[in-house]
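All remarks here apply to the structure that follows.
The values are calculated or read from the model by the stated rules, or taken from the named source; none is laboratory data. Note that the coordinates shown come from a computational prediction; the quantities given were computed from them, not determined experimentally. Note that we place each Cβ from the backbone using ideal geometry, even for glycine, and neighbour counts take in every protein chain shown. When the accessible area is computed, the model is the full protein with side chains, heavy atoms only, and any ligands, DNA or RNA have been set aside. Shrake-Rupley method; radii C 1.70, N 1.55, O 1.52, S 1.80 Å.
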Amino acid sequence: MGNQMDRLSHLSYAEVPTVDPNGVDTEDGPRIGVSYIFSNDDDELEDGCAVDCSEKDPNQEEKQYDQRDEVECAVYNRDECIYEKSAKAVNLEVYSPENLLNKCKPGDLVEFVATGQYPHWAVYVGDFQVVHLHRAEVKNSFLTDASQGRRCRIVNDLYKFKALGPDVVVQNAMEQVGLKDRELSWRNSECFAAWCRFGKREFKMGGEIRIGKQPYRLKIFMSDKQPRVLEFQSLEDMIMEKRRNDHLGRTAVLRELAPHFSRMEEIKKKKSDTCV
């Protein structure tokens with residue numbers, strides 16, 4: 001398994017069983033179980049590909065980043081919050097690559113974002129450079145080159161794990177430069193960068209055994225209702241779904257989830273009417 005394990009990808013919600021046979025958890029509200037099976041690494045779609053996976057027209061002006069379409073969410077491992085991305089919890093402001101260089105320190109995690117693209121993560125290693133996993137190879141690039149015109153921000157505080165020392169983070173990143181294809185142990189740029197900073201094996205491919213109860217919960221925050229909850233057997237699977245949501249954007253994700261949760265609300269209402 002390990003580095004040679006096949007790629008995993010998202011199954012449609014309709015094909016995946018929910019936690020409760022009726023789709024309703026009496027304590028936390030509706031949940032959906034999510035699994036992944038064989039497909040390509042999402043980093044192959046980080047640039048040069050539209051949301052529908054068709055090639056972008058090189059003559060078409062690149063889409064700008066719209067923070068209003070950001071998918072705000074939190075991740076729990078059982079009862080512990082291990083990740084949170086919301087305007088209330090962290091600073092989500094984005095900058096031009098040139099302006100971000102004035103804020104970066106060695107060991108920082110950098111996220112490059114653009115509407116309709118997967119977010120791209122990198123580790124800032126000093127001297128205006130980052131190390132990042134891009135198209136199945138760990139590369140050492142200038143931050144401005146790695147951005148490819150996208151806006152960017154420092155994302156040290158999204159994951160709640162204790163960070164390693166800056167020198168160790170930089171060393172972790174630099175020691176991987178040049179690895180490619182089957183030498184890699186990470187499924188995408190986010191898993192690689194987070195592993196460099198936190199050193200947790202859960203960020204690596206096959207770092208957790210997918211058996212038994214799904215311990216990871218991804219809560220997608222809704223503006224008008226309670227959060228929608230998806231469940232996963234591994235941190236790796238959760239990250240892939242979270243990145244897919246970032247790729248689609250808030251509007252598309254809510255539209256995708258709406259039919260399934262409408263059905264769950266109907267089930268809850270029928271149960272309530274039966275009890276009366």
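As a summary of the residue check, Lys268 satisfies the conditions (1) at pLDDT 85 or above; (2) more than 15 Å from the chain's Cα centre (by Cα) except for the one numbered (1).
For the stretch 154-171, what are the residues that are touching a Cys at 6+ places or on another chain (Cβ under 7 Å) and open to solvent by less than 30 Å² (accessible area, probe 1.4 Å)? Hit for the stretch 154-171 is Val169, nothing else.
Close contacts from the stretch 202-230, counting a first residue that is in contact (Cβ under 8 Å) with a residue 40 or more places away in the chain and closer than 20 Å to Arg187 by Cβ and a second that is β-branched (Val, Ile, Thr) and open to solvent by 60 Å² or more (accessible area, probe 1.4 Å), with Cβ to Cβ under 6 Å and a gap of 6+ residues or different chains, come to none at all. Do the conditions hold for Ile209, that is, is it open to solvent by less than 40 Å² (accessible area, probe 1.4 Å), among the β-branched types (Val, Ile, Thr) and not in a strand (DSSP E or B)? No, not satisfied.
Taking the stretch 108-197 as the region of interest, the strands (runs of 3 or more DSSP E) fully inside it that hold 1 or more residues being touching a Ser or Thr at 6+ places or on another chain (Cβ under 6 Å) and within 21 Å of Leu235 (Cβ to Cβ) are 120-126, 129-133.
Per-residue answers, yes or no, for (1) closer than 24 Å to Ala258 by Cα; (2) modelled with pLDDT of 90 or more:
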position: Val24; (1), (2): yes, no
position: Glu27; (1), (2): yes, no
position: Glu44; (1), (2): no, no
position: Gln64; (1), (2): no, no
position: Glu70; (1), (2): yes, yes
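Scanning the stretch 182-198 for residues that are open to solvent by 80 Å² or more (accessible area, probe 1.4 Å) and at pLDDT 95 or above yields a single hit, Glu183.
Within the stretch 224-259, the residues that satisfy the criterion of being touching a strand residue (DSSP E or B) at 6+ places or on another chain (Cβ under 6 Å) and not in a helix (DSSP H, G or I) are Gln226, Pro227, Arg228, Val229, Leu230, Glu231, Phe232. Residue count for the stretch 172-181 satisfying the condition of being open to solvent by 40 Å² or more (accessible area, probe 1.4 Å) and among the polar types (S, T, N, Q): 0.
Could you check Val110 against (1) under 21 Å from Glu241 (Cβ atoms); (2) at pLDDT 95 or above; (3) in contact with a Phe, Trp or Tyr (Cβ under 7 Å, 6 or more places away or on another chain) and say which number it fails? It is condition (1) that Val110 fails. Which of the residues spanning the stretch 91-124 are surrounded by fewer than 22 Cβ atoms within 10 Å (Cβ to Cβ), under 22 Å from Leu248 (Cβ atoms) and among the small types (Gly, Ala, Ser)? Residue satisfying the conditions is Gly116 alone. For the stretch 74-84, indicate whether the set of residues that are touching a helix residue (DSSP H, G or I) at 6+ places or on another chain (Cβ under 7 Å), open to solvent by less than 20 Å² (accessible area, probe 1.4 Å), at pLDDT 95 or above and aliphatic (A, V, I, L, M) is non-empty. Looking for residues that are touching a helix residue (DSSP H, G or I) at 6+ places or on another chain (Cβ under 7 Å), open to solvent by less than 20 Å² (accessible area, probe 1.4 Å), at pLDDT 95 or above and aliphatic (A, V, I, L, M), one finds at least one in the stretch 74-84, hence yes.
When Gln148 is tested against the conditions (1) surrounded by 14 or more Cβ atoms within 10 Å (Cβ to Cβ); (2) at pLDDT 95 or above, the lone failure is (2).
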